[in-house]
Amino acid sequence: MSMTQNRTLGYITANYITRENSVLTANRPLASVPFMGRYRLIDFPLSNMMNAGIKTVGLVMPGNCRSIMDHVGSGKDWLLDRKKGGLFLVPGNAYGTSKRGMRFLLRDIIANKELFKRSDKPYVVMMGSSIVFNLDLHQIVDAHETSGAGITMVYVKAVRHQDDASSLVIGDRGRVTQVRPGCDYGDNKFMDCFIIDRKLLLDIIEDYATADYLDIFEAIAGDFARIDVCSYEFKGLVVGIHGEETYYERSMQLIDPSIYEQLFNPDRPIITKAHDAPPAKYFAGSRATNSLISTGCEIKGTVRGSILSRGVIVESGAQVVNSILMQSCVIKSGARVENAILDKNNVVPANTELRGTPEHTLVLGKAPLNAE
């Protein structure tokens, strides 16, 4: 196995938002939105880097960073609490950008140039935090090194239209000639993941300082041929979270064990903050089918096709169907929740019905109790 950890520095951007306003991101950045019951979106880039043995990671923080800081802490869960290297929570443009597809603001890269200057690693791997995947970074770093390119951009063949993603125009020998906003079926969808030579990055910081308001790929657009930008096609599962609709749709698909297993590969585990909680408890008369139910839940009613985070209580006679319930929600006796997303601490009164449709999911924001 290649020694990626001895060659690569990590950089993750968490200070951008989706163009679509959502109550799910009213009090937290997109990167710390809960996902699949026990994870947060930021867990995936951190785990991809951890599994490649990367020992130094810069995490670009948004203005509303408290939930991320609470979640990642010193980076201990990802083996990044170390005397040499480790996790660096670095400043970013307070609210990043909502401009379509912009994830790697040159202004942030320039502000954190000391991170790159002080490293002796030849390569930097950069990732966003809203496109979820589980890949072997060793292979991508090896491919980058073999290609001799200055940058290698990772993409996947798009299976749906996504306005908030970017797509790559790829020419001869896999060289990228253009990055375009927007992505349609069959396009080369950029996964917000790329490898860049560290010395090249330092040159870009110097040469394009006056274009610091642009995304790095906007700034260097006229120099793709000179810089030699290569591509790498990833053929695994990629889950893009670009708003409430994609969040709900992709979460529901992942309940299928055959799809879930493509993302959660035991050889490359996805790590999250450790929580000490008892196993979920199922009471006599309860019924739970085709669902992901986290630790600390109490199930006395019925749960079907749903995802429940820690500490959710479903009382006797209550029904939860095709829904996502975040931490510490309580569904009182006789209530029914269907086709809905309920953020933390929501209490649904007895004999109440909350119902969306598969096309128009009902979304409730976080209840004020214990605001995150």
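Bear in mind these aren't lab numbers, they're just calculated from the coordinates by the rules spelled out. Everything numeric here is computed off the predicted structure, so don't read it as measured data. Using ideal geometry, Cβ is built from the backbone for each residue, glycine included, and neighbour counts are taken over all protein chains shown.
Listing THR177, THR272, THR13 from the residue with the fewest other Cβ atoms within 10 Å to the one with the most, what is the order?
Ascending number of Cβ neighbours within 10 Å: THR177, THR272, THR13.
Nearest 5 is fine: what % of DSSP beta bridges in region 26-156 come out antiparallel, could you say?
Percent antiparallel among DSSP bridges in region 26-156 is about 25.
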Starting from the Cα of SER119, step 7 Å along the direction of its Cβ; do the same at LEU362; then give the gap between the two resulting points in nm.
4.7 nm
Top of VAL154, VAL23, VAL303 by mean-square fluctuation, Gaussian network on the chain, Cα under 10 Å
VAL23
Taking the Cα-to-Cβ direction at ASP81 and at PHE264 and moving 7 Å from each Cα, how far apart do the two end points lie in nm?
2.4 nm
In a Gaussian network model over the chain where Cα atoms closer than 10 Å are linked, find which of PHE88, PHE104, PHE283 has the largest mean-square fluctuation.
PHE283
Specify which labelled value, from [x] 38, 21, 19; [y] 36, 26, 17; [z] 31, 23, 20, agrees with semi-axes √(5λ) of the Cα gyration tensor in Å derived from the coordinates of the model shown.
[x]
Enumerate the lysines that LYS121 could reach by cross-link, defined here as Cα to Cα under 21 Å, with residues fewer than 8 away along the same chain left out.
LYS55, LYS83, LYS84, LYS113, LYS199
Cβ-Cβ cut-off under 10 Å around ASP142, Lys and Arg +1, Asp and Glu -1: the net charge is -1
With a 10 Å cut-off between alpha carbons and a GNM built on the chain, which of LYS117, LYS83, LYS273 moves the most?
LYS83
Where the centroid of each part is defined by its Cα atoms, how far is region 187-203 from region 275-352 in Å?
42 Å
How far is helix 244-254 tilted off the main Cα axis of the chain, in degrees rounded to 10, range 0 to 90?
80 degrees
Starting from the Cα of THR146, step 7 Å along the direction of its Cβ; do the same at THR177; then give the gap between the two resulting points in nm.
2.5 nm
